[in-house]
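Student: Let me begin by handing over the structure; questions about it come next.
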Amino acid sequence: MKLQQLRYIWEVTHHDLNVSATAQALFTSQPGISKQIRLLEDELNVEIFARSGKHLTHVTQVGEVIIKIAGEILRQSNTIKQVAQEYSNEKEGSLSIATTHTQARYALPQIIKDFRVNYPQVTLHMNQGSPEQIAELAASGEVDFAIATEGLELFQDLVMMPCYEWNRAVVVPLGHPLCDVGKLTLEDVAQYPIVTYVFGFTGRSKLDEAFSNAGMSANVVFTATDTDVIKTYVRLGLGVGIVAQMAYDDVVDDDLVAIDASHLFDSSVTHIGFRKGTFLRRYMLDFIQAFAPHLDEDMVSRAVSVGTRKERLKLFEDLTLPFK
């Protein structure tokens with residue numbers, strides 16, 4: 001049994017059983033991958049993949065168990081490499097992050113810029129997606145860090161730590177009637193069509209909860225995962241926008257007015273997390289602390305050491321988080 005064979009069955013599974021696509025991703029030949037998979041199956045005396053002719057159709061029951069173990073072995077082998085690299089060159093390596101558009105566009109740019117100055121030899125990879133996609137990427141080891149606000153129940157297998165709180169603003173075009181309202185109310189907002197985030201993204205649940213608790217329903221006419229898209233359709237007059245406060249830029253958005261709505265909605269908390277057992281290199285710890293200064297090495301170690309998510313929540317319950 002070879003590590004390469006385990007990588008092949010893992011990658012084929014994560015390329016929808018498409019051996020050709022796997023070969024392209026791994027810069028190798030399709031016959032070579034097929035041969036190595038067959039050799040592994042012959043050695044184990046089981047079929048990992050069911051076939052129809054030359055095509056793989058599905059993963060067998062025993063194959064699912066083997067592939068899961070293979071994934072763990074591959075992650076551990078990567079950890080060994082990281083440990084070795086940390087001691088041979090602590091400022092060289094790679095860092096991959098999965099997050100939403102709002103975090104990537106508004107919360108992370110300055111952090112990334114400063115990180116690049118301190119670690120110019122560390123390659124950065126950014127993946128944007130839904131909470132489900134972010135959780136899957138982190139749990140599978142395809143990314144090092146997950147940064148998310150919604151769907152934390154999806155991240156049960158990760159060490160998730162709170163970074164900062166944030167709230168919302170209502171954005172409208174210049175001259176909109178809401179600009180003349182004193183203190184904004186939900187009733188004021190409910191008079192207009194709403195343009196906001198897709199459910200499950202960027203604190204959307206807090207918006208729905210607020211309207212529901214007030215016995216009202218939000219007239220959401222357009223949703224998007226991208227804040228810039230939301231603002232574009234506000235400009236077109238489709239409705240009033242409800243976005244993260246951090247997503248309003250005084251310069252870029254000078255044709256829009258942002259009205260504070262933090263008194264209307266409960267604040268949301270953005271978390272950063274990683275898979276249990278991850279070896280955190282020095283530059284990874286520095287990235288975490290740059291993003292959330294209260295998460296120093298000691299605090300991260302304490303978060304890793306507690307056994308359950310409930311215990312981890314208790315660890316952070318008295319923590320005063322910064323706002324962004």
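Student: Work out from phi, with θ = phi - 60° and the Karplus expression 6.51 cos²θ - 1.76 cosθ + 1.60, the ³J(HN,Hα) of each residue of segment 18-35, listed in order in whole Hz, and give x for Gly and Pro.
Tutor: Couplings: 9, 5, 4, 5, 5, 4, 5, 5, 9, 6, 9, 9, 5, x, x, 5, 4, 5 Hz.
Student: Right, something else. Ordering ILE288, ILE69 by accessible area with a probe of 1.4 Å, largest first, what comes out?
Tutor: Values: ILE288 0, ILE69 95 Å².
Final ranking, largest accessible area leading: ILE69, ILE288.
Student: Would you please give the FRET efficiency between PHE27 and GLU92, computed as 1/(1 + (r/R0)^6) with r the Cβ-Cβ distance and R0 = 22 Å, to the nearest 0.05?
Tutor: About 0.50, to the nearest 0.05.
Student: Using a 1.4 angstrom probe with every protein chain in place, what is the largest-first accessible-area order of THR99, THR278, THR185?
Tutor: So, going from the largest accessible area down, we get THR185, THR278, THR99.
Student: Right, something else. Got a sec to turn the phi values of segment 311-322 into Karplus ³J(HN,Hα) couplings, 6.51 cos²θ - 1.76 cosθ + 1.60 with θ = phi - 60°, whole Hz, x for Gly and Pro?
Tutor: In residue order, the calculated couplings are 5, 5, 4, 5, 4, 9, 5, 9, 7, 8, 8, x Hz.
Student: Show that you can apply the helix-only estimate: for the chain, add -39,500 (n - 2.57) for every DSSP H stretch of four or more residues, divide by all residues, and state [θ] at 222 nm to the nearest 500. Each step should come with its number before you reach the end.
Tutor: On the way: 12 runs with 132 residues, N = 324.
About -12500 deg cm²/dmol.
Student: Got a sec? What order do LEU256, LEU174 fall in by accessible area at 1.4 Å, biggest, i.e. largest, first?
Tutor: So, going from the largest accessible area down, we get LEU174, LEU256.
Student: Using only the Cα atoms of segment 193-287, what are the Rg and Dmax in Å?
Tutor: 16.6, 50
Student: Name the residue, out of LEU154, LEU17, LEU285, whose mean-square fluctuation peaks in a Gaussian network model built on the chain with Cα pairs under 10 Å.
Tutor: Looking only at LEU154, LEU17, LEU285, the biggest GNM fluctuation is shown by LEU17.
Student: Per residue, how many Å² of accessible area does segment 127-224 show with a 1.4 Å probe? Don't skip to the answer; put the middle values down first.
Tutor: Values: 4020 Å² over 98 residues.
Computed with neighbouring chains in place, this is 41 Å² per residue.
Student: Further question on the same structure: Report the rotationally averaged projected area of segment 1-138 based on its alpha-carbon convex hull, in square nanometres.
Tutor: Working: hull surface 40.6 nm².
For the Cα atoms of segment 1-138, the hull's average projected area reads 10.1 nm².
Student: Please work out how much length the chain gains when fully extended from ASP250 to SER305, using 0.36 nm per residue of separation minus the C-alpha to C-alpha distance, in nm with one decimal.
Tutor: 15.6 nm
Student: Here's a follow-up. Just tell me which lysines come within less than 20 Å, Cα to Cα, of LYS231; anything on the same chain fewer than 8 places away is out.
Tutor: LYS231 reaches LYS206, LYS324.
Student: What is segment 180-235 by shape, rounded, prolate or oblate, if you read a ≥ b ≥ c off the alpha carbon gyration tensor as root eigenvalues and call it rounded for a/c under 1.5, prolate for a/b larger than b/c, and oblate otherwise?
Tutor: It comes out oblate by the Cα gyration axes.
Student: Based only on Cα atoms, what mean projected area does the convex hull of segment 236-324 have, in nm²?
Tutor: The orientation-averaged projected area of the Cα hull of segment 236-324 comes to 8.7 nm².
Student: Sticking with this structure for a sec: Taking amide hydrogens as modeled 1.01 Å from N in the peptide plane, which residues meet the under 5 Å criterion relative to PHE49, leaving out close sequence neighbours?
Tutor: Excluding prolines and chain starts, which carry no amide H, the hits are THR60.
Student: Report the full-extension gain for the segment PHE323 to ARG38: residue separation times 0.36 nm, less the Cα-Cα distance, to one decimal in nm.
Tutor: Contour length minus Cα-Cα distance gives 97.1 nm.
Student: Check HIS271: other-chain or 5+ apart residues with amide H under 5 Å from its amide H, H built from backbone geometry?
Tutor: ALA148, THR149, CYS163
Student: Sorted from largest down, give the three principal axis spans of the alpha carbons of the chain, whole angstrom values.
Tutor: Taking the Cα atoms of the chain, the three principal extents are 75, 48, 37 Å.
Student: Then there is this: What is the set of long-range amide H partners of PHE222 at a cut-off below 5 Å, with H atoms built 1.01 Å from backbone N?
Tutor: Counting only residues 5 or more places away or on other chains, the set is ILE194, THR196.
Student: Another question, if that's okay. Per 0.36 nm of contour for each residue apart, how much would the distance between GLN110 and THR223 grow if the chain were fully extended, relative to their Cα-Cα spacing?
Tutor: The GLN110-THR223 span can extend by a further 37.9 nm.
Student: For LYS276, go through the lysines and keep the ones whose alpha-carbon is under 27 Å away, minus same-chain ones fewer than eight residues off.
Tutor: LYS2, LYS68, LYS81, LYS91, LYS310, LYS314
Student: When the C-alpha atoms of segment 85-200 are aligned to their principal axes, what extent does each axis show, in angstrom, from largest down?
Tutor: 62, 32, 19
Student: Hey, rough spin-label estimate for ASN18 and GLU153, points 7 angstrom out along Cα→Cβ, what's it come to in nanometres?
Tutor: Using points 7 Å along Cα→Cβ, the separation is 3.3 nm.
Student: Could you compute the FRET efficiency for TYR233 and ALA84, with r as their C-beta to C-beta distance and R0 at 51 Å, rounded to 0.05?
Tutor: That pair, TYR233 with ALA84, gives E of 0.50.
Student: How many angstrom lie between the C-alpha centres of segment 1-60 and segment 255-324?
Tutor: So the separation of the two Cα centres works out to 39 Å.
The values are calculated or read from the model by the stated rules, or taken from the named source; none is laboratory data. Everything numeric here is computed off the predicted structure, so don't read it as measured data. As a convention, Cβ positions derive from the backbone with ideal geometry for all residues, glycine included, and neighbour counts pool all protein chains shown. Areas reflect the complete protein model, heavy atoms only, side chains present, ligands, DNA and RNA absent. Shrake-Rupley method; radii C 1.70, N 1.55, O 1.52, S 1.80 Å.
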